[in-house]
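What follows is one structure encoded as structure tokens, with my remarks underneath.
The values are calculated or read from the model by the stated rules, or taken from the named source; none is laboratory data. Note that the structure is a prediction, hence the values are computed from the model and not measured. Using ideal geometry, Cβ is built from the backbone for each residue, glycine included, and neighbour counts are taken over all protein chains shown. These area figures cover heavy atoms from the full protein model, side chains too; ligands, DNA and RNA do not enter into them. Shrake-Rupley method; radii C 1.70, N 1.55, O 1.52, S 1.80 Å.
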Amino acid sequence: RFMFISILSAVVTAAILGALYKRMIDREVPTKIDIKQALFPIVLGIVSELISGTAVVFFMKWILSLGFTADTLSPIASTFFSAFAFAGFPEELLKMIMILITLLVFKNKVDNVYEYILIGAAVGIGFSIGEDFGYGTTLATLAIRLPLIAGHMVMDMIMGQFLGLAAYNATRGEKPVKGYYALAFLVPVLIHTMYDAGTIFNKVLMTAANGQGTSVDLAIGIIIGIVGFFGCLIIQFVTLIQCKKNAEKLSAMKTVKE
């Protein structure tokens, strides 16, 4: 049964995000990316999810071997540290590497900011498919994850856009370039950390719910959860809407010298 639901979760994710991705591709003007450029980063996204899962497990074991446990930090510090160290940082780092690999493979074909966004979206889709296959063990889990199903996709669209803007400014001799590279990594990490701190790593809420905290702790945990979930939900929809609205403009922003 678990395998069936895992496969169902991955298929649902692939179908929904695939439809969004297809519509994004269709908005590029005057030409569209080819099938290889569209699918290659999705495969790398799946690979990045497999690597990150293994890397995080080893990192957790290493942390524990140093005598560093959840009891070492306060619930609030543990919430944000865990979300950053075990999700936000390693996952976005690996996805950025996959985006850069794609840019290297297709260096003679990626020529505008919008295509950078498409590459980011594709890596995020691949990561989501792999993650939902692993996490989707119950129908309840699938239902809970549906509202933010495009979360990884959107975070990497933002990453791709900043990388594209860096390349665009570089071709025009304008600044900031290094600043855009920094934002390409830091903004997705911040969003990712905020989401995981509010959900799976919300130690403040978990501790209070288990009767080990005060009513104030419970309130703080709920606030962190609301900010993490609904903040990311708003970012998801705003990013998708803005990408649709600015597709033609971003397609015209060339990242190679003509």
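Specify the residue that is surrounded by the fewest Cβ atoms within 10 Å (Cβ to Cβ); the eligible residues are those in the stretch 1-43 that are touching a residue at least 24 places away in the same chain (Cβ under 8 Å) and aromatic (Phe, Trp, Tyr). Only one residue fits best here, namely Phe2. Look at (1) closer than 22 Å to Gly160 by Cβ; (2) free of Cβ contacts under 8 Å to residues at least 24 places away in the same chain; (3) in contact with a helix residue (DSSP H, G or I) (Cβ under 7 Å, 6 or more places away or on another chain) and you find that Ala122 fails only one, number (2).
Selection of helices (runs of 4 or more DSSP H) fully inside the stretch 94-200 by the criterion of at least 3 residues being touching a Gly at 6+ places or on another chain (Cβ under 7 Å) returns 113-135, 151-172, 178-198. Might you let me know whether the stretch 99-110 holds any residue that is modelled with pLDDT of 85 or more, open to solvent by less than 60 Å² (accessible area, probe 1.4 Å) and in contact with a Lys or Arg (Cβ under 6 Å, 6 or more places away or on another chain)? Checked against the condition, which is being modelled with pLDDT of 85 or more, open to solvent by less than 60 Å² (accessible area, probe 1.4 Å) and in contact with a Lys or Arg (Cβ under 6 Å, 6 or more places away or on another chain), the stretch 99-110 yields no hits at all. Among the criteria (1) in contact (Cβ under 8 Å) with a residue 12 or more places away in the chain; (2) within 15 Å of the chain's Cα centre (by Cα); (3) open to solvent by 70 Å² or more (accessible area, probe 1.4 Å), the one Leu186 does not fulfil is (1). Please verify whether the stretch 2-23 includes one or more residues that are part of a loop (DSSP other than H, G, I, E, B) and out of contact with any Pro (no Cβ under 6 Å at 6 or more places or on another chain). Among the residues of the stretch 2-23, not one is part of a loop (DSSP other than H, G, I, E, B) and out of contact with any Pro (no Cβ under 6 Å at 6 or more places or on another chain), which makes the answer no. The set of residues in the stretch 202-234 being open to solvent by 50 Å² or more (accessible area, probe 1.4 Å) and among the hydroxyl-bearing types (Ser, Thr, Tyr) consists of Thr214, Ser215.
When we screen Ile76, Ile46 for residues that are closer than 20 Å to Gly151 by Cα, open to solvent by 50 Å² or more (accessible area, probe 1.4 Å) and touching a helix residue (DSSP H, G or I) at 6+ places or on another chain (Cβ under 6 Å), the only hit is Ile46.
The residues in the stretch 138-183 that are among the charged types (D, E, K, R) and either under 19 Å from Ala15 (Cβ atoms) or surrounded by 19 or more Cβ atoms within 10 Å (Cβ to Cβ) (or both) can be counted, and the count is 2. Just to be sure I understand the filter: pairs with C-beta atoms under 8 Å, separated by 6 or more residues or on different chains, first member in the stretch 235-251 and open to solvent by 80 Å² or more (accessible area, probe 1.4 Å), second member outside any helix (DSSP H, G or I). Which pairs pass? Partner pairs satisfying both residue conditions: Lys244/Arg27; Glu248/Arg27; Glu248/Val29. Considering every residue within the stretch 112-122, establish whether at least one is over 21 Å from the mean Cα position of the chain (by Cα), farther than 23 Å from Leu190 by Cβ and open to solvent by less than 20 Å² (accessible area, probe 1.4 Å). Yes, the stretch 112-122 contains at least one residue that is over 21 Å from the mean Cα position of the chain (by Cα), farther than 23 Å from Leu190 by Cβ and open to solvent by less than 20 Å² (accessible area, probe 1.4 Å).
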